[in-house]
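Asker: Okay, handing you the structure first.
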Amino acid sequence: MKEAGVQSQGRPSPLAAFDPQRLARLETEMWKAYYRVPPQRLRLLRLLISACAEQYGLSLWQSLVGAYWLTRATFLFKFHRNQSDLDRTRAYLERFFQMVRDAAQARFDYQRVAKLELNWWLVHRKNSGEPDQSPLINALAEECAALYDREVKSMLPTGSHRAQAMIIRDSMEHGKPSGSWSDVEVELLHSYTALKQELSSRQI
């Protein structure tokens, strides 16, 4: 199995070079922009540019393009009305992950990763507020496993913390907060730290 933390030439992959603390802070701010009423689209775009560079090691130009595609996908999904909107959402995600794959010289199936990314978006929306969040945790772990070429079970810790961050965020929207934005950031930090540790655990 090819490890995400090492490229085929033996150089560290940009997919494993992220700073968990910086990513957790960026993503928390992205969520605030996305869920604000009305959503802060330009702020989300700016934050996504930084996140693309940090998480995937993309150049400034690639980050600009990638952030545009992700923003289009995000709001197509947020306000989707039919299957056509979902198909267009997946198409934007495919463009993004194909660029990530090529930039990182990785070998993951970008179409599968895009499909799994959209899948956890759907699972999250369907399961929001439900007591059993195992479907969301599994969906998150499956997408990470496909992207980073790992076993799904090894991605369950990062998926679990990420799901917990979503649960806290959703509880604030539903008027019964189980935490604050600071707690969301803490859970995202745990998620990215677990991911970083898994990617650094073994190399070829």
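Listed here are the residues, each with its yes/no results for (1) buried (at least 19 other Cβ atoms within 10 Å of the Cβ); (2) not in a helix (DSSP H, G or I).
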position: LEU116; (1), (2): yes, no
position: GLY129; (1), (2): no, yes
position: ALA139; (1), (2): yes, no
position: LEU147; (1), (2): yes, no
position: ARG150; (1), (2): yes, yes
position: MET155; (1), (2): yes, no
position: ALA163; (1), (2): yes, no
position: SER178; (1), (2): no, yes
position: VAL184; (1), (2): yes, no
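Asker: Going through LEU60, LEU93, LEU86 one at a time, which residue ends up being buried (at least 21 other Cβ atoms within 10 Å of the Cβ) and more than 21 Å from LEU199 (Cα to Cα)?
Answerer: When all the criteria are applied, what remains is LEU93.
Asker: Separate question: If I ask for residues that are more than 16 Å from CYS52 (Cα to Cα) and either of a type in the set (Asp, Glu) or assigned to a helix (DSSP H, G or I) (or both), which ones from the stretch 85-109 would you list?
Answerer: Correct list: ASP85, LEU86, ASP87, ARG88, THR89, ARG90, ALA91, ASP109.
Asker: Shifting gears a bit: List, please: which pairs have Cβ atoms under 8 Å, are six or more places apart or on different chains, and start with a residue in the stretch 94-105 that is basic (Lys, Arg) and end with one that is surrounded by 19 or more Cβ atoms within 10 Å (Cβ to Cβ)?
Answerer: Pairs found: ARG95/TRP69; ARG101/PHE108; ARG101/TYR110.
The numbers here are math on the coordinates, done by the rules we state, and not lab data. This structure is a prediction, so every number in the text was calculated from the model and none was measured. Virtual Cβ from ideal backbone geometry, glycine too; neighbours counted across all protein chains shown.
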